[in-house]
Amino acid sequence: IVFRFALIAVVTGQFHFGDAATNFFLVIIMGTLIGLAVGLIFYCIHRWLPVTSGIEIVLTFVTPYCMYYAAEHFHFSGVLAVVAGGLLLSGKRQSMLSYRSRIGAVNVWTSVVFVLNGLVFMLIGLHLPSITRGLGDFSLGSAIGYGLAISFILIIARLLCTLGASLFTRFMSHFITVADANPGWKGPMILGWAGMRGVVSLAAALSIPLLITDGGPPFPFRNLILFITFIVILVTLVFQGLTLPWLIRKINLEDRLTTIPEQKQEMIIQKKIAHYSLQYLDEKYSTGWPQNEHLDNLLVRLKIDLKHFSRELEKTEGTMDNSLIHFRQVYLEILEHQRKLLTEMNHRAEFDEDLIRKYLSLI
């Protein structure tokens, strides 16, 4: 939003702080409200209209664009509209989407995001020669120097912000209750070093208009700004990205907020799931349990799970063993052999391919 006001100031040659401050908060608030309103509309569509999993996945693509364009149409923040509406729908996804839609959407979006990120950098790479030729009075060496200098300033500024936030949190802990009174320097250092620039920075630079006005002079130093942005993205992604794992190993950050080991957390979760399921069956089907072997098997499995995880939690009071890890390894091997069997059965004429695919999706 600040970047947008900077562009307006360059284009018009005027800047009034009072008007800019008022418009700043108006753009933020109205953009957020529009995003929430559009999100509620699409929530109702998902919730109460007869849609299939395929339609729901398509709607997940349509929704952010509708949020963005609705806000931008009224000259408010489309980015904040997407963020606000996305957070709203993300919190409602369990009641809004079927399990098939949730699983399918994750797979589809993972691939699409990967492809879009790749396309963006391919486009800027193809566009780079024309940007380099349009540097004008600036030589290639001086433009690279500007890019490296700004990259250094951005890295230092982000580190100062994260470390400063840690100091500010420690200071405010004397007056108010905070989640962690002493964040230390390790976590903020990793957060500061993880500030790689990417598509968002590139999109902001590309949004600079070619001309200040229709038929007017070109926007000053546009190609230089694009070139510097490309250098900043390259430096932060390659230099910071490749050194981040090394930094994490060197700092050796400890998880001070999680008091229960991850393996034990999983046991507690699965125990609670089994206990809750047995409680539900007991309350709903305590009388007149139907003569159904499948339901009997389900009940036995839940009781076995509850007993198993209760015993495992008792054993792990002192130290954690590797029984659960070994179980997972064996179970994954079994699933792999089941998939091979289904694949072999799929080559036989007596088995329907749709049924084979159904069981493949379950394992």
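The values are calculated or read from the model by the stated rules, or taken from the named source; none is laboratory data. As the structure is a computational prediction, the values presented were derived from the model and not from experiment. Glycine also receives a Cβ, built like all others from the backbone with ideal geometry; neighbour counts cover every protein chain displayed. The protein model used for the area step is the full one, side chains on, heavy atoms only, and it has no ligands, DNA or RNA in it. Shrake-Rupley method; radii C 1.70, N 1.55, O 1.52, S 1.80 Å.
Some values worked out for this structure:
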{"read-out": "Option label - Cα extents along the principal axes in Å computed here, alternatives (i) 83, 53, 44; (ii) 90, 53, 36; (iii) 65, 50, 44", "value": "(i)"}
{"read-out": "Value of relative contact order over segment 1-142, rounded to a whole percent, pairs C-alpha under 8 Å and six or more apart", "value": "26 percent"}
{"read-out": "Length released on extending from V58 to L159, taking residue separation times 0.36 nm less the Cα-Cα span", "value": "32.4 nm"}
{"read-out": "Cα gyration tensor, segment 103-166 - rounded (a/c under 1.5), prolate or oblate", "value": "oblate"}
{"read-out": "Protein accessible area in the chain, 1.4 Å probe - carbon and sulfur %", "value": "67 percent"}
{"read-out": "Other-chain or far-sequence residues with amide H under 5 Å of S77's (modelled H)", "value": "G31"}
{"read-out": "The chain, relative contact order [Cα under 8 Å, separation at least 6], %", "value": "12 percent"}
{"read-out": "Under the span-like rule (Cα at least 18 Å along the axis, Kyte-Doolittle mean at least -1.0), DSSP H helices of the chain", "value": "17-48, 53-73, 78-91, 99-133, 140-172, 222-235, 293-315, 323-346"}
{"read-out": "Volume of the Cα convex hull of segment 185-239, divided per residue and given in Å³", "value": "81 Å³"}
{"read-out": "Solvent exposure of the chain as accessible area per residue, Å², 1.4 Å probe", "value": "69 Å²"}
{"read-out": "Efficiency of FRET from Cβ geometry, L244 and N182, R₀ 25 Å, rounded to 0.05", "value": "0.55"}
{"read-out": "Max mean-square fluctuation residue, GNM over the chain, Cα-Cα springs under 10 Å, options L313, L237, L88", "value": "L313"}
{"read-out": "Segment 1-76 - percent relative contact order, Cα under 8 Å, separation 6 or more", "value": "42 percent"}
{"read-out": "Sequence of W185, W193, W109, W48 when ordered by accessible area, the most exposed leading, probe 1.4 angstrom", "value": "W48, W185, W109, W193"}
